[in-house]
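So the structure is just underneath, and the comments pick up after that.
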Amino acid sequence: MTVRTRVAPSPTGDPHVGTAYIALINYCFAKKHGGQFLLRIEDTDQVRSTPQSERMILESLKWLGLSWDEGPDVGGPHGPYRQSERSAIYTEHCERLLASGHAFKCYCTPEELAAMRARQTAAKLPPKYDASYRAFNNSVAAEREAAGAPHVVRMVIPDNGTCRFEDTLRGVIEIDYSTVDMQVLMKSDGLPTYHLANVVDDHLMGITHVMRGEEWISSAPKHLLLYQYFGWQPPVLTHLPLLRNADKSKLSKRKNPTSILFYQRAGYLPQAMQNFLGLFIKSASEEDEKTSLQELIDGFDVHNISLGGPVFDTSKLDWLNGRYLREELTTEQFLEAVKVWALNDAYLMPIAEMAQARITKLSDLGALTSMFFMNRIEGLTAEALRDGVKLEADQQRAAYTLALQQFDALVEWNKVRVEATLRRTAEVLDAKLKDVVRPV
Ligand code: GLU
């Protein structure tokens, strides 16, 4: 059997360090066993998925030194590797489940589902599709179908019993079917949900080992049932511990930047970043913490991954990056790295456009543009930023909160959108634009 693994990111934002960590593990495992590593784009969420995000994810993983044997950019015998291009495959598989009675068309209206949830909340039950509604649905389905009412397709979950499965790192896991939702497999627009697309693709793409984040453990019973319904052999499952902040909370951008682009921009070397992520999969007993991709592959053992939760400790990354800068690069290579980082036309041109009109001699440039070459803005204190701002402290706080929420939701970070966000914030708070812009 040839080992085949994959990473299956959803292109809905900046490339996340967690995706790189999962990709690295899947890559090393496949290469250690002489197998193949695939990249699949899971863009079933048509609203949040963007081509820019997909491009950034691919570029970031390449920047980290990873490559894939099959994927949307390199092709392969099991393509297409972008789920939005595989709709017909999912429709056909959904039809199979309907025909075998393992799925059913659900015509429940949003109001009926809301009533179901209200009843469950009142009874302090977890929200899920209530089996009694299935009987009700069956009684009205033909009539609603004839009237052309919209429907979703849900999978059948056994009324009772337990799903038992083996997880490489966690041993046997048991989940009662009574806690598993009758998952929507196909939405009313005829597009699949993650669960159907993921299982169908993993099977058709010959994936032998699924190694993914632990947040998917609760989905495993649904996936395993789907394999059973289709009569397929399921892959070996490994649920990986999620990256954590130093306080052990789930890695979040409030406490640590999570975008690979941030680390690129901040001037970390890809080798150092790769090495840093590699530390999470190395045995703790290994002495030198500096390691190459080949060493990671050769020494890869999934059991080295500690379930305790790998801590994303950026001081360690700093330490490693310093070592790489000092120990691994000649002066020429160092200079080249600086050029790739920022001293190149693509990065300098927009800065030049802004600076040209604002200086009287070229040596003013250093002080004027230093923030473009720094990770944080030194010397610019909160007091200095608030100087002359005519907003009470609580209004300033409201401005930060409001602006931040909207910035978070921006799909594309550009001048027009950022400016519109700030204007909206000022309007909502009935404040002057400059009083909002300055502290933000
Ligand atoms: N698209 C899913 C994600 O981004 C993939 C999960 C999986 O590996 O099955 O988390």
Per the filter on the stretch 375-413, residues within 29 Å of the chain's Cα centre (by Cα), modelled with pLDDT of 85 or more and surrounded by fewer than 12 Cβ atoms within 10 Å (Cβ to Cβ) are T401, Q405
Checked the stretch 199-220 for anything in contact with a Leu (Cβ under 9 Å, 6 or more places away or on another chain) and buried (at least 19 other Cβ atoms within 10 Å of the Cβ); matches are V199, V200, M205, I207, H209, V210, M211, R212, A220
Selection from the stretch 239-268 of residues farther than 12 Å from V17 by Cα, surrounded by fewer than 17 Cβ atoms within 10 Å (Cβ to Cβ) and in contact with an Asp or Glu (Cβ under 8 Å, 6 or more places away or on another chain) yields A246, K255
Selection from the stretch 114-160 of residues among the hydrophobic types (A, V, I, L, M, F, W, C) and surrounded by 16 or more Cβ atoms within 10 Å (Cβ to Cβ) yields M116, A141, V152, V153, M155, V156, I157
Quick check on the stretch 371-392. Is at least one of its residues touching a helix residue (DSSP H, G or I) at 6+ places or on another chain (Cβ under 7 Å), in contact (Cβ under 8 Å) with a residue 40 or more places away in the chain and of a type in the set (V, I, T)? yes
When restricted to T12, T5, the only residue closer than 28 Å to Y229 by Cα and hydroxyl-bearing (S, T, Y) is T5
>> Suppose the filter is in contact (Cβ under 8 Å) with a residue 24 or more places away in the chain and either within 16 Å of the ligand (Cβ to nearest atom) or at positive phi (or both); does T5 pass it?
In response: yes
Filter the stretch 401-417 for residues that are among the aliphatic types (A, V, I, L, M) and not in a loop (DSSP other than H, G, I, E, B); the one that is farthest from M56 (Cα to Cα) is L402
Those helices (runs of 4 or more DSSP H) completely within the stretch 155-270 that have 2 or more residues that are within 14 Å of the ligand (Cβ to nearest atom) and modelled with pLDDT of 95 or more are 194-204, 220-230
Quick count over the stretch 14-41, residues being assigned to a loop (DSSP other than H, G, I, E, B) and either crowded, with 20+ Cβ neighbours inside 10 Å or aromatic (F, W, Y) (or both), is 2
The residue that is farthest from Q294 (Cα to Cα), considering only those in the stretch 48-75 that are assigned to a helix (DSSP H, G or I) and aliphatic (A, V, I, L, M), is M56
In the stretch 353-370, anything among the aliphatic types (A, V, I, L, M) and out of contact with any helix residue (DSSP H, G or I) (no Cβ under 9 Å at 6 or more places or on another chain) is listed as A357, L362, A367
Of (1) among the polar types (S, T, N, Q); (2) within 16 Å of the ligand (Cβ to nearest atom); (3) touching a residue at least 60 places away in the same chain (Cβ under 8 Å), S87 fails just (2)
H78 vs (1) in a loop (DSSP other than H, G, I, E, B); (2) without any contact (Cβ under 8 Å) to a residue 12 or more places away in the chain: all pass except (2)
Cβ pairs under 6 Å, 6+ apart or interchain, first in the stretch 314-336 and closer than 22 Å to F280 by Cα, second surrounded by 12 or more Cβ atoms within 10 Å (Cβ to Cβ) and not aliphatic (A, V, I, L, M), ordered by first then second residue, are L317/F276; L320/N275; L320/F276; N321/Y268; Y324/Q271
Of the residues in the stretch 304-325 that are closer than 16 Å to P257 by Cβ and among the polar types (S, T, N, Q), the one that is surrounded by the fewest Cβ atoms within 10 Å (Cβ to Cβ) is S315
* To do: Could you tell me whether the stretch 377-394 includes any residue that is closer than 23 Å to L261 by Cβ and not acidic (D, E)?
  => yes
Reported set for the stretch 31-51 where residues are out of contact with any helix residue (DSSP H, G or I) (no Cβ under 8 Å at 6 or more places or on another chain), within 14 Å of the ligand (Cβ to nearest atom) and at pLDDT 95 or above is L38
Those helices (runs of 4 or more DSSP H) completely within the stretch 327-377 that have 2 or more residues that are closer than 22 Å to P270 by Cα are 331-341, 345-356
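The values are calculated or read from the model by the stated rules, or taken from the named source; none is laboratory data. What you see is a predicted model, and the numbers here were worked out from it, not measured in a lab. Here Cβ is always computed from backbone atoms with ideal geometry, including for glycine, and neighbour counts include all displayed protein chains.
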